[in-house]
Amino acid sequence: MSKKEKKKSKIAMDLQAAMDKDPAARNKFEIFFTYGGFKALYRHRFAHWFYNHGAKYLAKLISAGTRRKTGIDIHPAAKIAGGVFIDHGVGVVIGETVEIGTNVLIYQGVTLGGTGKDTGKRHPTIEDNVMISAGAKVLGPITVGHNSKIGAGSVVLKDVPPNSTVVGVPGRVVKYNDMRVDDIDQKLPDPILEEFARLNKRIAALEDALKVKSCKYSITMQNDCDDDKGATVIEEEIVELKHEIDENKEKLHADK
Ligand SMILES: CC(C)(COP(=O)(O)OP(=O)(O)OC[C@H]1O[C@@H](n2cnc3c(N)ncnc32)[C@H](O)[C@@H]1OP(=O)(O)O)[C@@H](O)C(=O)NCCC(=O)NCCS
């Protein structure tokens, strides 16, 4: 396939993606002339070509024009496969070292950017069939695995495994392979959770021991000692004290 054909097919794939992913899309003609997201990608294909062929200034001019016309800012160096759909699009920012696979859906307000801490490859890689919801920020040289979904408004700073749903700030995996992560935890061993459970048990045992000890040395804490063991200790303590008192009374009488 020639490069020209490849470019044509990428644009054709973008058109098809818009048809498939936007329930409001009526026909490709309408998409071609009215969809900002499609226009931004179409222009990016040219900007990217110029960028890779040494005409970086021209590439930047095209991308600046795209931003003015559509509100979508794509660095001309970003590598974007065919079949991507940017829905609505306003406020989308795609950084220089971003790589996007095929069949990806991106909504308005999405940033695929850097954290400011990395150099070189400092932007995310988005694998095939990913959906990035409105306003989500995916930051740093991380990878969003194929078939994953990023929830609206999330801030994702770590790699996302394939087939996952990530939501929240910072983003956390709430679904994996269409199962809630809570459900998965019951089936898969999680060393961190196991360690927490072990520590909780230990803390409970220490608390019990402390309670018994404090009961042993303070008869005034009788009300706090609701466990049988504690109560027994107090009873023994009281009997002992009574015995001591009786002994002291006898001694007093004898002295008199
Ligand atoms: C993430 C999303 C894609 C749903 O993915 P999903 O795999 O079907 O996940 P679910 O709907 O089963 O949600 C899983 C959990 O995440 C929570 N959740 C979903 N989206 C969330 C979000 N954006 N922020 C915080 N929590 C979210 C759900 O409440 C649910 O929690 P629960 O298990 O405690 O009930 C969807 O919620 C979303 O954010 N869509 C936005 C799409 C968009 O941008 N539209 C703009 C059109 S213009």
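Data overview
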{"item": "Theoretical gain in end-to-end length, Lys121 to Ala197 [0.36 nm per residue, Cα-Cα removed]", "result": "23.4 nm"}
{"item": "Ala24-Val174 FRET efficiency (beta carbon distance; Förster radius 25 Å; 0.05 resolution)", "result": "0.35"}
{"item": "Nitroxide proxy distance, nm - points 7 Å out along Cα→Cβ at Glu244 and Ala204", "result": "3.5 nm"}
{"item": "J(HN,Hα) series, the stretch 21-34, from Karplus relation 6.51 cos²θ - 1.76 cosθ + 1.60, nearest Hz, glycine and proline x", "result": "9, 9, x, 8, 5, 9, 7, 5, 4, 4, 4, 4, 9, 10"}
{"item": "Charge context of Gly151, other residues only, Cβ under 11 angstrom, K/R +1, D/E -1", "result": "+3"}
{"item": "Two-decimal Rg/Rh across the stretch 1-125, once Rg and the Kirkwood Rh are taken from alpha-carbon atoms", "result": "0.95"}
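Since every read-out is calculated from the coordinates, none of them should be taken as a lab result. Everything quoted here is computed from the prediction, not taken from an experiment. Because the Cβ atoms are built from the backbone with ideal geometry, glycine has one as well, and the counts that use them run over all protein chains shown.
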